[in-house]
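We did not get these values from a lab; they are worked out from the coordinates using the rules stated. For clarity, every value in this text was computed on a predicted model and none was experimentally measured. When we count neighbours, we look across all protein chains shown, and the Cβ atoms used for this are built from the backbone with ideal geometry, even at glycine.
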Amino acid sequence: MRSFSKTSLKTAATITLMCIGAALAQFNTPTNARVSALSGAHVSDISGAYRYPVLMTGYLNHVQTTWVPSGGGGFIGVKSIGDIFSIGVLANQGLMSPDFTYDASADLNGFLSSLQTNYPPQQVDPFDSNNMVIPHLMLGVDLGMFALGADLFLEYGSYGEITADTTKYNASISHPGFRLSGKIDLSAVEILAKFGLGFPSIDAAITHDTVTFTRSSNEGLYMEMGAEADIPLGGVDLILGICYTQNNYRFMSSSNILGISLPDAETYTSSLFNAYFGAEFNFLETAVAMLGYSIYRYSNTTVTDLILAYPLEVLRISGQRSVTDPVNYSHIIYAGVENAWDKAWIFDSFQLRGGARYVINTTGGEASGGADTTTGSHRFSPTNYSLPAVHSRIIPTVGVGVSKSFATLDLSLNPMAWNELFNGPGVGMITATIKF
């Protein structure tokens, strides 16, 4: 029987994980079993490359794949090229602009449905945003005290079908963009910064005989920026960070009958702000504990131009009606602990993890009122509102990890999601990591 060397096994395992990771490329939670078992604590981990691509330079020659029972899971692969350069790939990063993709999918389906009435019979499956392909290519440069990382991404999904002898439908959603991040080591302090831009758009057309109706994007812009600092202080590593993303987009229609292209009255803007604070400290020599707090602020605003002579949309009034969807705040308090034992049974190391988090959600916002008919003004008076806060139960998580030679296997479970006695937990993760 032919024997395989350790190098051969490592190569085979690496290729297997890469193939599985590519097959599981469905956008899902960008984390892994270790971080999940620690209840999402901000801890030094390869999954940080999802947030800051430059962190890939600290995990050279790694391949990691995460399985989630409900489907999906993350994938990270990093390969060094010499002493300075590195290249990597990400899958399952998640939609860079989920608001745009979901709204664009609904808009394309509405565009198709509106014309199906005029050109029956048509049976066309709806455009599904879950079919989006989201490859990420990372490039890294490590100069010691200073490092750079770039993430080039392209989200893309398309659909086309000839629905009748004389009718053809095709549509696509695309979002190309980039993220640049840098890392500076100042003595023991590590500072991270990032900036990114994306250009989401849609393109759809329905052709019936010689008549063509099109749907496209009048404007689309995605922006991301953030910073993070890791500060050692008296035996405790303090982590401070902020992140902000914003999406702006608008759709437009045209027809070769009218010969005009006109943007919709609505302009959409969504934003997400996240600020977090964490503390990581060692105790009992082999154990590490983490405490932290994170706040998220999410808002989605629709600004609608006032239009006369509808539906020709020829005359637009300078006044605008702004409708702001609820502004959501999430306050998350988390804690995690991890202990490691060397040379445990047949493994080189064994890790036991646990964590808990508590979430408080609040909702408020601004709703537009009616027009001021007494003065003839077309401006709308806003009305502010706030809903009672919603508190979650304390949500515990547990997990284990084992390492043997070049391979590591991690498992996390959410006991609160236990389904039945024999079915076990419905929420969990399994992560496999190989160092080559």
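With the highest mean first, a sort of the peptides 280-291, 404-415, 49-60 on other beta-carbon atoms found within 10 angstrom per residue produces 49-60, 404-415, 280-291.
Database remark: amide H of D264 closer than 5 angstrom to the amide H of F251, M252, S253 (H placed geometrically; neighbours at sequence offset of 5 or more, or on other chains; Pro and chain starts carry no H). Computed packing ranks the peptides 211-222, 195-206, 79-90 as 195-206, 211-222, 79-90, most packed first, by mean other Cβ atoms within 10 Å. Backbone amide hydrogens, once placed in the peptide plane, bring F127 within less than 5 Å of N109, excluding anything fewer than 5 places away on its chain. Placing dummy labels 7 Å off each Cα toward the beta-carbon, the span from S44 to W345 is 2.9 nm. Phi angles of the range 261-273 translate, via the Karplus equation with coefficients 6.51, -1.76, 1.60 and θ = phi - 60°, into HN-Hα couplings of 10, 9, x, 5, 6, 8, 10, 10, 9, 10, 9, 9, 10 Hz per residue; Gly and Pro are given as x.
Placing dummy labels 7 Å off each Cα toward the beta-carbon, the span from M252 to Y156 is 2.4 nm. Computed from phi, the 3J(HN,Hα) profile of the range 85-100 under the Karplus parametrisation 6.51, -1.76, 1.60 (θ = phi - 60°) reads 9, 8, 9, x, 9, 10, 9, 6, 4, x, 5, 5, 10, x, 4, 4 Hz, with x in place of Gly and Pro. Residue by residue, the range 47-52 carries 3J(HN,Hα) couplings of 5, x, 5, 5, 8, 10 Hz when phi is fed to the Karplus relation 6.51 cos²θ - 1.76 cosθ + 1.60 (θ = phi - 60°); x denotes Gly or Pro. Would you mind getting me the FRET efficiency between D305 and N130? Use the beta-carbon distance for r and R0 = 30 Å, nearest 0.05. My answer for the efficiency is 0.40.
Once both labels are positioned 7 Å from their Cα atoms along Cα-to-Cβ, the gap between S386 and T214 label points is 4.9 nm.
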